Amino acid sequence: MKFRAIMGALCAAGLMCGVTAAQAAESLEVLHWWTSGGESKAVGVLKDDMTKQGYTWKDFAVAGGAGAAAMTALKTQVISGNAPSAAQIKGPLIQEWADQGVLVPIDSAATDWKANLPPQIDKIMHAGGHYVAAPFSVHRVNWVWYNKAALDKVGAKVPTTWPEFFAVADKLKAAGIQPVAAGGQPWQDLTLWEDVVLSQGADFYKKALVDLDQKTLTSQQMVGVFDTVRKIETYMDNGRTGRDWNLATAMVINGKAGMQFMGDWAKGEFANANKQPGTDYICAAVPGTAKSYTFNVDSFVFFQQKGQKEATPGQLALAKTIMSPAFQEQFSLYKGSIPVRLGVSMDKFDSCGKQSYADEQTAIKSGGYEPSLAHGMAQPDATAGAITDVVTKFMNSTQDSKSAVEALAKAAKTK
Ligand code: GAL
């Protein structure tokens with residue numbers, strides 16, 4: 001068969017329509033940490049899309065939620081001159097990588113992005129006046145996931161305040177159900193802790209974790225945050241040390257545990273297990289945070305290949321695909337997030353997705369739309385890391401809240 005005929009046959013089979021031989025040869029190495037059931041399904045959409053466009057997808061998946069292991073792998077690759085084509089980097093870290101002079105601009109793939117992204121997020125995708133990152137979706141972090149049958153069994157309603165929360169947790173405990181499923185990894189500890197900070201009000205959260213205001217960090221209210229976290233901890237099981245987040249989600253899915261504090265990537269696990277919101281599980285804002293929205297926006301950055309300062313055709317196609325409406329919809333349906341691109345229809349989304357979208361719009365307009373510290377959106381790596389150490393140390397010891405607050409105030413000064 002002639003080349004043209006081969007391409008025609010491939011096109012008819014739904015593969016490689018109108019690609020050039022050069023494109024067909026380009027291999028895209030993509031580093032990410034999306035390895036749970038729901039996560040792999042979501043990133044699989046991108047892989048299929050790129051393969052259809054004629055590129056070879058070289059998956060560089062590094063297991064371990066929230067990316068700690070992936071970041072170590074990435075540094076090793078870049079230092080040894082083997083930077084991947086794209087890597088999952090988000091928040092202020094985008095700027096930190098751009099400052100190293102190793103990224104390529106992707107402006108030509110992003111001609112319609114400004115009009116289609118919330119300004120707060122559009123800004124994060126830039127470095128030095130250029131687009132250097134492509135955003136996937138918006139995850140809301142301040143959720144609790146409940147097993148509906150467990151709540152029904154003990155006759156409990158979804159709690160909206162901490163006293164109500166502890167009453168529900170006590171009922172679950174009395175019924176022999178582990179009240180809170182958790183994984184004792186630093187980022188999971190920080191996710192819970194920032195939820196409790198947010199429950200003090202979005203202003204308190206902003207002053208403490210975005211502005212790093214020393215008065216707020218050392219306040220009596222912050223001592224109370226640590227006290228609440230300590231109390232929630234008593235409802236977790238001893239086996240939580242090192243447990244992956246998706247295994248904790250599985251405990252809620254199969255009814256071993258009543259609830260989990262986790263961003264809505266957890267919904268990807270429920271969906272992957274064919275569970276329905278409202279029937280099998282309930283998503284609800286963390287007590288006291290119904291009007292607030294901690295956001296976590298995943299993105300890919302693109303690395304210089306073989307010393308070239310310009311993006312390759314494959315990198316540009318990858319960026320363009322990530323922001324395309326069809327991809328934005330399907331990715332989030334699997335991932336548990338909502339599209340970051342404005343104007344994508346929410347019709348196919350479930351009640352949790354629709355609620356996330358409605359709450360996001362309200363929070364953007366009326367205040368309370370804040371970057372998640374635990375998910376790399378609020379502070380540079382060094383500061384976030386120092387705060388994480390304080391919280392994890394507290395949660396894995398018998399340290400008192402007052403001395404944790406002193407350590408926190410000191411950690412917040414880390415540059
Ligand atoms: C977050 C990431 C999410 C999800 C989660 C658990 O940091 O933004 O997309 O993957 O980690 O792995």
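Tell me, what is the 1.4 Å probe accessible area of Thr35, in Å² to the nearest 10?
60 Å²
Enter the Cα centre distance for the pair the stretch 274-320 and the stretch 200-267, rounded to the nearest angstrom.
After rounding, the separation between the Cα centres reads 21 Å.
Report in % the part of the accessible area of the chain that belongs to carbon and sulfur, leaving out ligands and nucleic acids; probe 1.4 Å.
The nonpolar share, carbon plus sulfur, comes to 55 percent.
For a quick protection proxy, order the peptides 362-371, 375-384 by their average other-Cβ count within 10 Å, most packed first.
375-384, 362-371
Taking all pairs of different Cα atoms in the stretch 208-268, averaging 1/r and flipping that mean, what Kirkwood radius in angstroms comes out?
Computed over the stretch 208-268, the radius equals 13.9 Å.
How large is the accessible surface per residue of the stretch 47-155, computed with a 1.4 Å probe and reported in Å² as a whole number?
Heavy-atom SASA per residue in the stretch 47-155 reads 40 Å².
With everything on Cα atoms, drop me the angle between helix 68-79 and the longest principal axis of the chain, reported from 0 to 90° to the nearest 10.
Helix 68-79 and the main axis of the chain meet at about 40 degrees.
Given a 1.4 angstrom probe, what's the average accessible area per residue across the stretch 231-380, in square angstrom?
Per residue, the stretch 231-380 has 38 Å² of solvent-accessible surface.
Of all the Cα-Cα pairs you can form in the chain, what percent are over 39 Å apart?
So the portion of pairs separated by more than 39 Å is 19 percent.
In whole Hz and in residue order, list the ³J(HN,Hα) couplings for the stretch 222-238 that follow from phi through the Karplus curve 6.51 cos²θ - 1.76 cosθ + 1.60, θ = phi - 60°; x for Gly and Pro.
Taking θ as phi minus 60°, the curve returns 5, 4, x, 4, 5, 4, 5, 4, 4, 5, 4, 4, 5, 9, 9, 8, 5 Hz for the stretch 222-238.
Once phi is turned into θ = phi - 60°, what whole-Hz ³J(HN,Hα) does the Karplus curve with 6.51, -1.76 and 1.60 give for every residue of the stretch 35-48, x standing for Gly and Pro?
10, 6, x, x, 4, 5, 4, 5, 5, x, 5, 5, 4, 5
If the reach is capped at under 12 angstrom between alpha carbons, list the aspartates and glutamates near Lys256, excluding any in the same chain fewer than eight residues apart.
Here the aspartates and glutamates satisfying the reach criterion relative to Lys256 are Asp237.
Rounded, prolate or oblate: which fits the stretch 278-415, taking a ≥ b ≥ c as square roots of the Cα gyration tensor eigenvalues, rounded meaning a/c under 1.5, else prolate when a/b beats b/c?
It is oblate, given that a/c is not under 1.5 and a/b is not larger than b/c.
Apply the a/c threshold of 1.5 to the C-alpha gyration tensor of the stretch 40-165 and tell me whether it is rounded, prolate or oblate.
Prolate, because a/c is 1.5 or more and a/b exceeds b/c.
With the cut-off at 19 Å, tell me which of the pairs Lys207/Lys410; Lys47/Lys335; Lys41/Lys306 have Cα atoms farther apart than that.
Long pairs (Cα-Cα over 19 Å): Lys41/Lys306.
Just read off the accessible area of Lys47 with the full protein assembly in place, 1.4 Å probe, to the nearest 10 Å².
Spelled out: Lys47, probe radius 1.4 Å, area about 90 Å².
Can you list the aspartates and glutamates whose alpha carbon is less than 15 Å from that of Lys171, not counting same-chain residues fewer than 8 positions off?
Output for Lys171: Asp152.
Under a 5 Å amide H to amide H cut-off, with H placed in plane at 1.01 Å, what residues pair with Gly54 once short-range neighbours are removed?
Met16
Using C-alpha positions alone, give me the convex hull volume of the stretch 123-245 per residue in cubic angstrom.
150 Å³
The values are calculated or read from the model by the stated rules, or taken from the named source; none is laboratory data. Everything quoted here is computed from the prediction, not taken from an experiment. Using ideal geometry, Cβ is built from the backbone for each residue, glycine included, and neighbour counts are taken over all protein chains shown. Please note that ligands, DNA and RNA were not included when accessible areas were found on the heavy atoms of the full protein model with its side chains. Shrake-Rupley method; radii C 1.70, N 1.55, O 1.52, S 1.80 Å.
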